[in-house]
Amino acid sequence: MSLFSAVEMAPRDPILGLNEQYAADTNPKKVNLGVGVYYDDNGKLPLLACVLQAEKHMMEAPTARGYLPIDGIAAYDAAVKGLVFGSDSEPVETGRVATVQALGGTGGLKIGADFLHRISPAAKVLISDPSWENHRALFTNAGFTVETYPYYDAAKRGINFDGMLTALHGAAPGTIVVLHACCHNPTGYDITPAQWDQVIAAVKEKNLVAFLDMAYQGFGHGITEDGAVIGKFVAAGLDFFVSTSFSKSFSLYGERVGALSVLCKDKEEASRVLSQLKIVIRTNYSNPPTHGGAVVAAVLGTPALRALWEKELGEMRTRIKAMRQKLVDGLKAAGVKQDMSFITQQIGMFSYSGLTKDQMVRLRNEFGVYGTDTGRMCVAALNSKNIKYVCASIAKVV
Ligand code: PMP
């Protein structure tokens, strides 16, 4: 008997398991569409020029790496506020946003979840059906009961908006509703601005707590356009949570750069909330790391670098859109009879392809084309070299 003899083997993370299988695959034509990562047209993870330039400046005037404040780099937090709410917006100007630097978007969600559990332990959490897999696990581990609201309608190839709205109207006051601010993962379907208005009205009427997960700002229609939903929540007079991730928009996955922002009633409330967020951080990892936050703060705070970032992010967005169109055209050319044009209506890095589990397994085993069993494919991993092969492979399994 050892201390660990009763410890069970945890199930493998489905996406990471897929990566391992991909790495072991000897098919020279293999393509990994299972990941949630943007690759450039050469199939490479980009190192953005804005990041490189910021790092060069930092190397020219190197600084020692002391501990950061618990809530992170002040200039970083200010830059996040500006990006999420608008730098001259009322919430920022009145100081009623509490923002903390976090370990990626995941860290922002986790700090928010832990804080929420301290203040409303009995609240239920609703996530979309389906959602990013970690939403459920993260809120469950924070102590909440997690349920879903309807989102994807497979038959319709779109969103079951009536179902979503009905679920929100039926939720108990205080229920925490996790919403994808843009570029829904995994489906690629976003609700329209008019539908957001209805969601916001339901959140307000039913006294729900909105938690907006913003992991892909700039990958949908543009940085401002994707952030517009935040302004709608502000205009409705709601207090809410926003997690931010720069993993994809800065291609800084491994640096773990993200944030949590909490919009409060006023400045005094924001300072109380901030003090509690700091306790959550302090008792988990004490304070965040320096490098990634410093890079993002430098880019967002230096007009020339910021312009370069916006240009580079725009290029990523445009390339993904072009790949969506190429996928639709390529599938048609490869002989797929069914209308696949829904792929160009989806937005962001992912496409719910509508392929069944059996078809996805065949794609993987027979052709070395890897997507998740749910039919999710990362469009941002397609490029001019692999697209034809991917289309031909899909055509053989559908
Ligand atoms: N939320 C969603 C919807 C995501 O897709 C992701 C990343 N895949 C995250 C949060 C987490 O982002 P990060 O990698 O910055 O922790």
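No value in this document is a laboratory result; all are computed from the given coordinates. Please read these numbers as outputs of a predicted model, since none were measured by experiment. Quick reminder, even Gly has a Cβ in these numbers, built from the backbone with ideal geometry, and neighbours come from all protein chains shown.
Given a cut-off of 22 Å, name the pairs among Lys124/Lys206; Lys81/Lys265; Lys326/Lys385; Lys81/Lys110; Lys30/Lys156 whose C-alpha atoms lie farther apart than that in the structure shown.
Listed pairs above 22 Å: Lys30/Lys156.
So if I take the centroid of the Cα atoms in segment 344-398 and the same for segment 118-191, what is the distance between those two points in Å?
25 Å
Which residue, chosen from Ala322, Ser271, Gly348, occupies the Cα position most advanced towards the positive end of the dipole of segment 267-398, where the dipole is computed from +1 (Lys, Arg) and -1 (Asp, Glu) charges on Cβ about the Cα centre?
The listed residue farthest towards the positive side: Ala322.
Taking one equal scatterer on every alpha-carbon of the chain, how large is log10 of I(q)/I(0) by Debye at q = 0.09, 0.11, 0.14 1/Å?
-0.55, -0.83, -1.31
Measure off 7 Å from each Cα along the Cα-to-Cβ vector at Thr145 and Tyr67, then give the distance between these two points in nanometres to one decimal.
Distance between the two pseudo-spin positions: 4.0 nm.
Provide, in order from the shortest bin, the percent of all Cα-Cα pairs of segment 206-338 in each 10 Å bin, continuing until the bin that contains the maximum pair distance.
10, 29, 32, 19, 8, 3, 0
Tell me what the chain gives for mean residue ellipticity at 222 nm when only DSSP H runs of n ≥ 4 count, each as -39,500 (n - 2.57), the sum divided by the residue total, rounded to 500 deg cm²/dmol.
After summing the helix terms and dividing by residue count, I get -14500 deg cm²/dmol.
Connecting C-alpha atoms closer than 10 Å in a GNM of the chain, tell me which of Lys110, Lys204, Lys156 has the biggest fluctuation.
Between Lys110, Lys204, Lys156, it is Lys156 that shows the largest mean-square fluctuation.
Of Ala236, Pro303, Tyr22, which is farthest on the positive side of the dipole of the chain, counting Cα position, with +1 on Lys and Arg Cβ, -1 on Asp and Glu Cβ, and the Cα centre as origin?
It is Tyr22.
Between Ala235 and Gln325, what is 0.36 nm times their sequence separation minus the Cα-Cα distance? Round to one decimal in nm.
28.8 nm
Between rounded, prolate and oblate, where does segment 47-142 land on the alpha carbon gyration tensor, with a ≥ b ≥ c its root eigenvalues, rounded for a/c under 1.5, else prolate if a/b exceeds b/c?
Since a/c reaches 1.5 and a/b is larger than b/c, the shape of segment 47-142 is classed as prolate.
According to a simple spin-label model (label point 7 Å from Cα along Cα-to-Cβ), what is the distance in nm between Arg306 and Met1?
Reported label-point gap for Met1 and Arg306 is 6.3 nm.
Can you tell me which of 232-241, 92-101, 182-191 comes out highest on packing, and rank the rest after it, using the mean Cβ neighbours within 10 Å?
182-191, 92-101, 232-241
Is the C-alpha gyration tensor of segment 26-81 telling us rounded, prolate or oblate? Criteria: a/c under 1.5 is rounded; beyond that, a/b larger than b/c is prolate, otherwise oblate.
It is prolate, given that a/c is not under 1.5 and a/b is the larger ratio.
Which of the peptides 313-320, 256-263, 349-356, 194-201 is most tightly packed, and how do the rest follow, judged by the mean count of other Cβ atoms within 10 Å per residue?
Listed from highest to lowest mean packing, they are 256-263, 349-356, 313-320, 194-201.
So between Ala228 and Met59, what do we pick up on full extension, going 0.36 nm a residue minus the alpha carbon distance?
Numbers: separation 169, 0.36 × 169 = 60.84 nm, distance 3.57 nm.
Computed gain between Ala228 and Met59 is 57.3 nm.
Mind giving me the FRET efficiency for Lys357 and His221? R0 is 25 Å, r the Cβ-Cβ distance, nearest 0.05 is fine.
So, using R0 = 25 Å, E works out to roughly 0.20.
Calculate the spin-label point distance for Glu205 paired with Asp162, positioning each point 7 Å from the Cα along the beta-carbon direction, and give it in nanometres.
For Asp162 paired with Glu205, the spin-label model returns 1.6 nm.
Where nothing but the Cβ of Lys and Arg (+1) and of Asp and Glu (-1) is charged, how large is the charge dipole of the chain around its Cα centre, in debye to the nearest 20?
In debye, rounded to 20, the chain gives about 820.
With an 8 Å Cα cut-off and a minimum separation of 6 or more residues, compute the relative contact order for segment 1-148 in percent.
12 percent.
Between segment 1-76 and segment 245-288, what is the separation of their alpha carbon centroids in Å?
If you average the Cα positions of each part, the centres end up 20 Å apart.
First check a/c for segment 177-265, with a ≥ b ≥ c the square roots of the eigenvalues of its C-alpha gyration tensor; if it is under 1.5, answer rounded, and if not, answer prolate when a/b is larger than b/c or oblate otherwise.
Working: a/c = 2.09, a/b = 1.50, b/c = 1.40.
In terms of gyration-tensor shape, prolate.
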